[in-house]
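The values are calculated or read from the model by the stated rules, or taken from the named source; none is laboratory data. What you see is a predicted model; the values in this text were computed from it and never measured. Note that we place each Cβ from the backbone using ideal geometry, even for glycine, and neighbour counts take in every protein chain shown. Surface accessibility is based on the protein's heavy atoms, side chains included, excluding ligands, DNA and RNA. Shrake-Rupley method; radii C 1.70, N 1.55, O 1.52, S 1.80 Å.
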Amino acid sequence: MSERRLPHSPLFSPARRVAGTDETIFSTITALSVQHDAANLGQGFPDEDGPEEMLRLAAEHITGSPTVVPNNQYAPGRGQMDLRKAIAADRASRYNQHIDPDSEILVTVGATEALAASVLGLVERGSEVVTLEPTYDAYPAIVKLAEAQLRPVRLLRNEELGWALDRAAFAEAVTNDTSAIILNSPHNPTGIVLGRDDLEFIASVVRGSRAIVITDEVYERLIFNGEHIPFGTLDGMAERTVTISSAAKTFNVTGWKTGWVCAQPDLLHPIIAAKQFLSYVGATPFQSPVAWALTNADDWSHSWRATLAQRKKDLSTALEELGFRVIPSQGTYFLITDIAPLNTGESADEFCMRLPETVGVSAIPVTAFVTSPHSPEVRTLVRWAFCKNPETMARAIERLRSHFG
Ligand code: PMP
Ligand code: GLN
């Protein structure tokens, strides 16, 4: 996708740690969507708001109200205490995961900064980081920033679940050179949810290694079949797990960039060392409203999950009727289809680059999530986001029907 190259002048060559890093696929596809007024089923952001009271509180924390003193200045280094307490209470009640809000939580600028600070703080230059592929695009880029080596383990295609962990390949990938394993469940872009058996298997490999585990759990509340099991709750794993999550996908506030890291103090301190010089702290006025939502918005979460499940069903049905092969998924905002049965002869890249203009809909090629984009397993796979409002979903389906029907 040459359109995504970030131009640079011959006078100033980029540092090796960013050389070859293109504009993200999400920026490219969303820009094309805007340009062609397409229904954006590409970038994973919802186009409707989260809990109303949470939004109202954020406004009050900026402007003040009879009950809220405004706070538009730096938050404490580790984040506002009410948010840290709410994160700890949520993890304890939901997963029986016990985290000390004083010493084991750091509020970050989204999960993205949490990931970057964790890798920069804990991964030694030249060491290896194991990921499951397809893999969220930030992981390879962040590993490169840390001048470490990515060691992707391909997920296997599976009739029933869509994709499955290749246990033998995973065990082989974790060696003495492995400093970290990045897990992501529910998983972007496949939508798979790692079950207890796979997690236990991963833990058994981890026990025989020196690696730490960084788990990205940003879709923890968005599971349609199955349950979320935080890796840090497995026997002996709390000591070596960095747990990351974020308000973005939990409460429909991707623009608030409010995330967090939970880890034991020995792991957290190097992460703080990196984070404090990336951003120092995150935006203050959003932190207490997110604390409110973690404590009070379970009903909203249940109903949002039910809405998403229905939208996923509607989109799957429509795509299937049009001849796309829908690959099963259990969570997140996303489903993947194979476009090969349409017989257009296109790769997913070609398809997704022309879709906004020719069909008025956007989607993301799964090739953006792999290290070998030309491999036949992914060449024709396309990811669709179903987290969009009813009007956007209906418009997208109608346009897909009139083009491919
Ligand atoms: N991890 C995954 C798997 C994601 O899909 C995203 C996008 N929400 C992020 C991390 C980044 O989250 P945030 O917007 O909180 O930085
Ligand atoms: N996580 C979102 C997705 O997968 C995108 C976030 C971003 O644009 N960085 O669509």
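Remark: spin-label model distance Arg56-Leu6 equals 4.1 nm, labels positioned 7 Å along the Cα→Cβ axis. Taking one quarter of the surface of the C-alpha convex hull of segment 1-118 gives a mean projected area of 12.5 nm².
Rolling a 1.4 Å probe over the protein heavy atoms of the chain, with every protein chain left in place, gives an accessible area that is 50 percent carbon and sulfur. Using a Gaussian network model on the chain with a 10 Å cutoff between Cα atoms, which of Tyr139, Tyr333, Tyr95 fluctuates the most? Per the Cα network of the chain with a 10 Å cutoff, Tyr95 tops the list. Based on protein heavy atoms only, the chain ends up with 42 Å² per residue of surface accessible to a 1.4 Å probe.
Spin-label pair Arg354-Ala92: with each label point 7 Å from Cα along the Cα-Cβ axis, the two points sit 5.8 nm from one another. Taking segment 245-263 and a reference point 7 angstrom along Cα→Cβ of Asp49, the backbone N atoms nearer than 19 Å belong to 247-258.
Could you work out the mean projected area of the convex hull around the alpha carbons of segment 138-192, in square nanometres to one decimal? Working shown, then result.
On the way: hull surface 16.6 nm².
Average projection, Cα convex hull of segment 138-192: 4.2 nm².
Per-residue Karplus couplings for segment 279-296, computed as 6.51 cos²θ - 1.76 cosθ + 1.60 with θ equal to phi - 60°, are listed in order as 9, 6, 9, x, 5, 5, x, 8, 6, 5, x, 5, 4, 4, 5, 4, 8, 10 Hz, Gly and Pro entered as x.
I want to verify the translational diffusion coefficient of segment 172-295 in µm²/s; compute it with Stokes-Einstein, Rh as the Kirkwood radius over Cα pairs, at 10 °C and 1.306 mPa s.
Values: Rh = 15.8 Å.
Answer, rounded: 101 µm²/s.
The DSSP beta bridges internal to the chain are antiparallel in roughly 50% of cases. Put simply, segment 233-344 fits an ellipsoid with semi-axes of 36, 19, 15 Å; these come from the alpha carbon gyration tensor as the roots of five times its eigenvalues, largest first.
Coupling constants for segment 167-176 follow from the phi torsions by the Karplus curve (6.51 cos²θ - 1.76 cosθ + 1.60, θ = phi - 60°), and in residue order they are 4, 5, 5, 5, 4, 6, 6, 8, 10, 5 Hz; glycine and proline get x. Summarising the amide proton neighbourhood of Leu183: residues at separation of 5 or more, or on other chains, whose placed amide H is nearer than 5 Å comprise Ile214, Thr215, Asp216. Counting only Cα atoms, the size of the chain along its three principal axes is 57, 57, 53 Å, in decreasing order. So which lysines pass the test for Lys388, namely a Cα distance under 23 Å, with those fewer than 8 places away in the same chain ruled out? Of all the lysines, those that pass the test against Lys388 - Cα under 23 Å, at least 8 places apart if same chain - are Lys249, Lys257, Lys312, Lys313.
Summarising the label geometry, the points placed 7 Å from Cα in the beta-carbon direction at His269 and Gln310 lie 5.2 nm from one another. Across segment 328-399, Cα-Cα pairs more than 20 Å apart make up 30 percent of the total. For Leu150, the amide hydrogen comes within under 5 Å of the amide hydrogens of Val129, counting only partners 5 or more places away or on other chains and with H modelled in the peptide plane. Across segment 83-99, rounded Karplus estimates of 3J(HN,Hα) from the backbone phi angles (6.51 cos²θ - 1.76 cosθ + 1.60, θ = phi - 60°) give 5, 4, 5, 5, 5, 4, 5, 5, 5, 5, 6, 7, 10, 6, 9, 9, 10 Hz, Gly and Pro being marked x. The packing ranking, built from the mean of other Cβ atoms within 10 Å per residue, places the peptides 359-371, 268-280 in the order 359-371, 268-280, highest first.
Mind telling me which of Arg91, Arg240, Arg305 comes out most flexible in a GNM of the chain, alpha-carbon contacts under 10 Å? Top of the fluctuation ranking is Arg91.
With R₀ set to 25 Å, the beta-carbon distance separating Glu377 from Val34 gives a calculated FRET efficiency near 0.20. Choose one answer from Ala111, Ala89, Ala59: the residue with the largest mean-square fluctuation in a GNM of the chain with alpha-carbon springs under 10 Å. The residue that fluctuates most here is Ala59.
Which value at 222 nm does the chain reach when only helices count, each DSSP H run of 4 or more adding -39,500 (n - 2.57), with the total divided by all residues and rounded to the nearest 500 deg cm²/dmol? Intermediate results must be reported in sequence, preceding the final value.
Values: 13 runs with 153 residues, N = 405.
Computed mean residue ellipticity for the chain: -11500 deg cm²/dmol.
Annotation for segment 160-227 versus segment 239-285: alpha-carbon center distance of 20 Å.
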